[in-house]
1. What are the pairs, 6+ residues apart or on separate chains, where a residue within the range 268-289 that is open to solvent by less than 20 Å² (accessible area, probe 1.4 Å) has its Cβ under 8 Å from a residue that is within 16 Å of the ligand (Cβ to nearest atom) and among the aromatic types (Phe, Trp, Tyr)?
2. If residue 136 satisfies every condition in (1) within 13 Å of the ligand (Cβ to nearest atom); (2) in a strand (DSSP E or B); (3) over 28 Å from residue 18 (Cβ atoms) but one, which is the exception?
3. Which pairs have Cβ atoms under 8 Å, sit 6 or more apart or on different chains, and link a residue in the range 185-201 that is without any contact (Cβ under 8 Å) to a residue 60 or more places away in the chain to one that is open to solvent by 10 Å² or more (accessible area, probe 1.4 Å) and of a type in the set (D, E, K, R)?
4. Counting only residues that are in a helix (DSSP H, G or I) and without any contact (Cβ under 8 Å) to a residue 24 or more places away in the chain, how many does the range 94-128 have?
5. So which residues in the range 330-364 are surrounded by 15 or more Cβ atoms within 10 Å (Cβ to Cβ) and of a type in the set (Gly, Ala, Ser)?
6. Looking at residue 327 and the list (1) assigned to a loop (DSSP other than H, G, I, E, B); (2) open to solvent by less than 10 Å² (accessible area, probe 1.4 Å); (3) away from the ligand (no atom under 16 Å from the Cβ), which single condition is not satisfied?
7. Inside the range 31-60, can you point out the residues that are surrounded by 15 or more Cβ atoms within 10 Å (Cβ to Cβ) and charged (D, E, K, R)?
Amino acid sequence: MEVPYSYLLDQFSDPEPIFNDMRALVKTGDYTLGKPLIEFEQQFAAYFGTAYAIGVGTGTDALRLSLLALDVKPGDEVITAANTFYSTAAAIATIGAIPVFADVDDNFVMDIDQIEASITKRTKAIIPVHLHGCPVDMHKILSIARKHNLHVVEDACQAIGAEIDGKKVGSFGSTGCFSLHPLKNINVWGDGGVITTNSEAIHDKLLLLRNNGLKNRDECMVYAYNCRLDTLQAVVGLHVMKTIRWIIDQRVKHGAWYDKELSHIQGITVPPRRQNMRYVHHNYVVQAEGRDGLLAHLRARGVDAKVHYPLPLHLQEASNYLHYHQGDFPAAEQQAKKIISLPVHQHLHEGQLRHVVTAIKEFY
Ligand SMILES: Cc1ncc(COP(=O)(O)O)c(C=O)c1O
């Protein structure tokens, strides 16, 4: 039996309704900052319970523009997790700021108890990453940020729909950053990103930063970027928004089922789940003894398991100039050797989930 990681062929098996809306758009010529984009932003903000949502080119743009809107400058330090996707660090580094990594906890997110030790006079912001759809405890992050007068930019690229105490992640910080990459929970046909915020001032800055600094057609307020979310992609986003609750519910259900089945298997460690958090399982990740053997075994059984990610950022070549060493972040380094991501998407059926668990039991 095949258990694929990707679900795109199922999700867009009937693209006609989307094509119909694209045909309608083509008849208006409203391609940049068009009406469907405005509608998508309004729906996105309503879903997240924020005052504003601003569509941008990618999740990486969302992070980069957020830092710029908060006046993070070259030489400023920004703290983030050592195990995140490369873009989080890239957004910091490409504006000339310095990524400062923190180790992670048993939920694969930033270890909050280690943040304060990393704060210096140059620290300007924290980027907590809700990796795999596991929320970082934002109450604690915000309290540290308030104490040290730091900005908080949430990297919620993998966590569309995750919640803490019933409130969506991405709505706690100065901004929340989302990716609409094809394998994200709200996805488009290529690249896209969204920034959420409750601040009118940040919203107004972001509108300039994403659109060449233009206040209107003839007045440029600041030299900036062109990273608008394509209106054509917003048409796709509007269709996906119609099923977002079902998508999230399915992932939550599949994750809870895996938790129950896998927690009895010696060799597998399921992360602790906190009662007040909703885990949306962008990736369903556990730690596994003999991970590489299990990975090969699962693949031989048709299960498209993956590793997110095999080498933490401080050990990547791109980080050489930051002078980190092996051993600096022991939890992230240990986990990188043991983590495995199992297919968990919304289109899997029960037989496929059972096949994954049977194959894991067979291995051990
Ligand atoms: C945690 C995290 N941050 C940032 C990004 C960047 O998003 P994008 O690929 O849309 O630029 C991603 C994308 O995979 C991500 O997983």
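1. Once the first residue is open to solvent by less than 20 Å² (accessible area, probe 1.4 Å) and sits in the range 268-289, its partners that are within 16 Å of the ligand (Cβ to nearest atom) and among the aromatic types (Phe, Trp, Tyr) give 271/108; 285/108.
2. Going through (1) within 13 Å of the ligand (Cβ to nearest atom); (2) in a strand (DSSP E or B); (3) over 28 Å from residue 18 (Cβ atoms) one by one, residue 136 breaks only (2).
3. Listed pairs, sorted by first residue: 190/230.
4. Total meeting the criteria: 3.
5. From the range 330-364, those surrounded by 15 or more Cβ atoms within 10 Å (Cβ to Cβ) are 331-333, 335-336, 338-348, 352-353, 355-357, 359-360, 363; that's our starting set.
Listed by number, the residues that qualify are 331, 332, 336, 341, 359.
6. Here residue 327 meets the rest and fails (2).
7. So in the range 31-60, the residues surrounded by 15 or more Cβ atoms within 10 Å (Cβ to Cβ) come out as 33-34, 36-37, 39-41, 43-45, 47-48, 50, 52-60.
Of everything in the range 31-60, those that are surrounded by 15 or more Cβ atoms within 10 Å (Cβ to Cβ) and charged (D, E, K, R) turn out to be 39, 41.
Residue-by-condition table, conditions (1) closer than 30 Å to residue 255 by Cα; (2) surrounded by 24 or more Cβ atoms within 10 Å (Cβ to Cβ):
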| position | (1), (2) |
| --- | --- |
| 96 | no, no |
| 122 | no, no |
| 127 | yes, yes |
| 152 | yes, no |
| 156 | yes, yes |
| 166 | yes, no |
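The values are calculated or read from the model by the stated rules, or taken from the named source; none is laboratory data. Worth saying up front: this structure is predicted, and the values here are computed from it rather than measured. No Cβ is skipped: glycine too gets one built from the backbone with ideal geometry, and neighbour counts run over all protein chains shown. Protein only, heavy atoms only, side chains kept; ligands, DNA and RNA dropped before computing areas. Shrake-Rupley method; radii C 1.70, N 1.55, O 1.52, S 1.80 Å.
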